[in-house]
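First up is the structure itself, then whatever we jot down about it.
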Amino acid sequence: MRDMNAIEFENVSFSYEEGGTFAIKNLNFAVEEGEFLAVLGHNGSGKSTLARLSNGLLEADSGVIRVFGEQLTEKNLFDIRKQVGIVFQSPDNQTVASIVEDDIAFGAENIALPREEIGKRIDFALHAVGMEEYRHATVSRLSGGQKQRIAIAGVLAVMPKVLILDESTAMLDPRGRREIIDCVTRLNKEQGITVVLITHFMEEALRASRAIVMNRGEIVMQGAPSDIFERHEELLTYNLTLPLIGRICRDLRAGGMPVTDTLDVDRLAKEIASCVSKQST
Amino acid sequence: MKDVAFGQYYPTKSFVHNLDPRLKIVFLIAYIVAIFLAANFVGLACCLVVLMLAIGLSRVPVIRVFKAIKGILFLIIFTTLLNLLFYNGETVYAEWWIFTITKEGILFSAFLVVRLILLITCSSLLTYTTTPVALTDGIESLLYPLTWIKFPVRELAQIMSIALRYIPILIDETERIMNAQKARGANFETGGLMSRVKAVIPVLIPLLLSSFRRAEELGDAMEARCYTGGKKRTKYKKLRFTWRDLLAFLLIAALIAAVVLAKVYLGATV
Amino acid sequence: MRIQAEHLSYTYNAGSPFASAALKDVSLTVEEGEFFGIIGHTGSGKSTFVQHLNALLRVPTSLRKYRKKRKDPPSNTVLKVGDFDLTNKKTDFNALRSKVGMVMQYPEYQLFAETVFDDVAFGYKNFAPEKPTKEQIENAVRDALTIVGLDFDEVKEMSPFDLSGGQKRRVAIAGVIVTKPEILVLDEPAAGLDPLGKQEIMELLHRLHSSWCRTVIIVSHDMDEIAENCTRVAVFSDGEVKYVLPPKELFTHSEELLSLGLDVPLTAKICLALKKYGIDLKCDFTTEDFLKQTLALAGKGVKE
């Protein structure tokens, strides 16, 4: 079973109020082990609900959720949570202690690891997010991006196989966002951790190996991020906009410059340069 | 801003900072006992010497430590005046209407002032030299025997630690909301009692709502990190005693001995 | 109203071990009618600066305060907003605040009243020189809600907490502009919104700029937003103003900005990358002009 799915949804529905509108509607989808999946959607499309269902913070009204083949029930909740970690949106509302290492220890303490092991886990987690020198720092003095990296480290200390980022970049400045995206990309590549990145910043989905777009509790598009961005008209109907660079490519082409769709600045510059030099020779 | 407003921890490295927080709490209690055991000015002088020594070892500026008195200045003046004017002594110096000033009254008030000042400064020295986190750990550890009677010590410590983390955030937030409402013309500075109470509502409600939101999000985050309550958890931080703790212990023991000796041989002032 | 600041300094917790200089001798003028941008990192002093504009932070006025903090009084500090002299403590700060609207970060978190109507009316009632009539209040609230793009009759009786995120933010903005301030200052007005919500907020700001608020000042991290909308930009770094330039000139300094750890607009990034291929593209860094210039360079002409 090498290609086991990390998370699997089978006909899952969920609504916040009984008889209310479905936040998740009869959803079928799977996250493959080791992949970097981006989940896109405007505010209220159901993408955050998806995260909370995945580790049992919310209970589905109907349908089956499996984590590494095992069906999520009330009994194995604790074990499932060890495997699926979530980093939330607000940098300020997910730390439990004032000092960095104490906060990271929290999850490891909860799963009752011996002290020496907790120490090792803290080393590992801080190294993984590149914040070794902040071990004894005060959380409130860190920048937003650093706080979120500490939040990631706190989740990593439990050593989950899946890391879900539930709009963890939404409240950060561009530098903080970059820090987080770089960090999870590295975790995915080097540690083989399955990453589910929930975001409404289209640019962030570029690093993902696969992207899905949600709208009204349903998956409406999926594929490689670049393929999804090519279908910009369709994206617009789901209240999503193309990243600016995508729009520039499209408009240049419309103006008669044969550039291909790319989301990479250097590549676009190279293409523009070759068009310009062709013109001048 | 938030650092000053709460905890008043004075970040530096020193002998006192490095003491075990549990012992620091115990020492504080022992020191307070010594202050109350001291029955004459010699005893109090011993206490003062130890306090000055501790302040010196803590590398916290003396003025900063004594600034803590400012907070209870009113209380000190009030009790002093009360004792000065109403104490029933024998050697009367002055008398006017219902007030009498006596030699004993003066001595007693002076004694009380010194006691109060010592009390406040030694307590503030603890908060200056101990991070809130260490303090929580110390209290948790000291209360640990209570788990025998099923008292939820760990949960309590968890609550305290979270409170310590969020109090500065909430102070910050209060300030932010107050600023936002001030910018909308809210007036917190003038007006009668009723209008002031009314002025608080636009701050209080957003603050409450945001606290609930934070609590909810934090609850989710804790649960997602496998928190299920106090059971079966381990603890990463362990407190250790060192030679410093032993030294401090000897100092406090000597102080209590000195105070008691002073009392026995010199008698009580009041 | 013109904003004029000269030699403005501010230190938090002056005289304590936590003292930190947030503004160091800042001089900056914002002319009436500008759509002014302020950029810089968290902690660069930009928020401290804008909080001065409606006296949420005061220029210390008394000499005593300075002596206490062992500092020389800055005899040359000037801070004027229109005719209001903010260095004079006798200034009517309440009147100033009704003229300078301030929208904080995540303003929806300051909503408090039971109904949208009451929340928006709060500022209007506070600032009214005499007790306003019911009709006056209703008109003001209606105008404010309408201009932010909400239907007055539909939302007036609703609880602000039942609205969607984007709507809440618009109600909060309505609550600030209800007094028709001449200057509107917004700290990260689009933070946390999805792309569509962002676009709506920027459209709203332009609507306000061309109607009620002669001067709009936005503090933002989004350089594309800045390049696209602002007439001039001030760059704050370490409590100092490094540049005050129109975006067109500012982003020709892209390399310096990047070295300050700041972002630059996408168009500037592409221009920078093009330099490597020996192409020096001149544009004002708006997307429209970038496209025009790029196509012109390739001899493709422009479709008008």
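Throughout, read-outs are computed from the coordinates displayed, never taken from laboratory work. Since the structure is predicted, the reported quantities are computational estimates derived from the model, not experimental observations. Cβ sites come from the backbone with ideal geometry, for glycine too, and all protein chains shown count toward neighbours.
A few comments on the model shown:
- A:E32 long-range amide H proximity, modeled H, under 5 Å: A:A6
- Sites listed here are GluC sites (Glu not before Pro) in the range A:12-90 whose DSSP assignment is loop and whose Cβ has at most 13 other Cβ atoms within 10 Å: A:E17, A:E18, A:E59, A:E74.
- Only DSSP H runs of four or more residues enter the estimate; each adds -39500 (n - 2.57), and after division by the residues of chain A the mean residue ellipticity at 222 nm equals -11500 deg cm²/dmol.
- Peptide packing for C:269-278, B:129-138 was compared via the average number of neighbouring C-beta atoms within 10 Å per residue; ordered from the highest value, the list is B:129-138, C:269-278.
- Cα centroid of the range C:254-304 to Cα centroid of the range B:251-270, whole Å: 82
- Of the chymotrypsin sites (Phe, Trp or Tyr not before Pro) found in the range A:1-105, those that fall in a DSSP loop while having at most 12 other beta-carbon atoms within 10 Å are A:Y16.
- Cβ-based exposure ranking for A:K120, B:K232, in which fewest neighbours within 10 Å come first: B:K232, A:K120
- Shape call, chain C: gyration tensor on alpha carbons, a/c limit 1.5: oblate
- Each residue of the range C:266-276 was assigned a 3J(HN,Hα) from its phi angle through the Karplus curve 6.51 cos²θ - 1.76 cosθ + 1.60 (θ = phi - 60°); the sequence is 4, 4, 5, 4, 5, 4, 4, 5, 5, 4, 4 Hz, with glycine and proline shown as x.
- Here the 3J(HN,Hα) profile of the range C:187-197, calculated from phi with Karplus coefficients 6.51, -1.76 and 1.60 at θ = phi - 60°, is 9, 6, x, 9, 4, x, 8, 7, x, 5, x Hz, Gly and Pro shown as x.
- Anisotropy class of the range C:265-304 from Cα gyration tensor, a/c 1.5 cut: oblate
- Cα shape, chain B, gyration tensor, a/c 1.5 rule: oblate
- Relative contact order of chain A, defined on C-alpha pairs under 8 angstrom at six or more residues apart (%): 22
- Pairs of Cα atoms nearer than 8 Å and 6+ residues apart set the relative contact order; for the range A:36-183 it is 29 percent.
- Evaluated at q = 0.08 Å⁻¹, the base-10 log of the normalised Debye intensity for the protein assembly as shown, with identical point scatterers placed on the Cα atoms, takes the values -0.87.
- Test item: B:193-206 mean partner chain Cβ contacts at 10 Å: 2
- With neighbour counts taken as other beta-carbon atoms within 10 Å, the residues C:D143, C:D194 rank, fewest first, as C:D143, C:D194.
- Note on B:133-145: average number of Cβ atoms from other chains within 10 Å of each residue's Cβ is 1.
- D (Stokes-Einstein, µm²/s), Kirkwood Cα radius, the range A:1-94, 0.692 mPa s at 37 °C: 234
- Residue exposure sequence - C:T146, A:T95 - by fewest surrounding Cβ within 10 Å: C:T146, A:T95
- Over 28 Å (Cα to Cα) - which of A:K82/A:K147; A:K189/C:K292; A:K47/A:K270; C:K24/C:K125; C:K99/C:K292; C:K89/C:K156 fall in this group: A:K189/C:K292; A:K47/A:K270; C:K24/C:K125; C:K99/C:K292; C:K89/C:K156
- Each part reduced to its alpha carbon centroid, the range C:204-247 and the range B:144-175 end up 43 Å apart.
- Per residue of chain C, the DSSP helices (runs of n ≥ 4 H) give a summed -39500 (n - 2.57) that works out to -11000 deg cm²/dmol at 222 nm.
- Cα centroid separation - the range C:85-148 against the range A:250-276, whole Å: 48
- Here the spin labels are modelled as points 7 Å beyond Cα on the Cα-Cβ line, and at C:N94 and B:W148 they lie 6.4 nm apart.
- The Rg/Rh ratio for the range A:5-242 is 0.96, where Rg is the radius of gyration of the alpha carbons and Rh is the Kirkwood radius.
- Note that the range A:151-156 has calculated 3J(HN,Hα) couplings of 4, 4, 4, x, 6, 5 Hz, one per residue in order, obtained from phi through the Karplus relation 6.51 cos²θ - 1.76 cosθ + 1.60 (θ = phi - 60°); glycine and proline are x.
- Spin-label pair C:T87-A:R135: with each label point 7 Å from Cα along the Cα-Cβ axis, the two points sit 5.1 nm from one another.
- Contact order normalised by residue count of the range B:153-224, Cα under 8 Å, 6+ apart, percent: 29
- Rounded to 5, percent antiparallel among DSSP beta bridges of the protein assembly as shown: 55
- DSSP-loop GluC sites (Glu not before Pro) across the range B:49-132, with at most 16 other Cβ within 10 angstrom: B:E90
- Amide H partners (placed H, <5 Å) of C:V241, local residues excluded: C:S27
- Farthest toward the positive end of the dipole of the range C:163-213, out of C:L205, C:V185, C:Q167, is the Cα of C:Q167, where the dipole comes from beta carbon charges about the Cα centre.
- Beta bridges per DSSP, both residues in chain A: antiparallel share near 50 percent.
- In this structure the amide hydrogen of C:M102, modeled in the peptide plane, comes within under 5 Å of the amide hydrogens of C:V185, none closer than 5 places in sequence on its chain.
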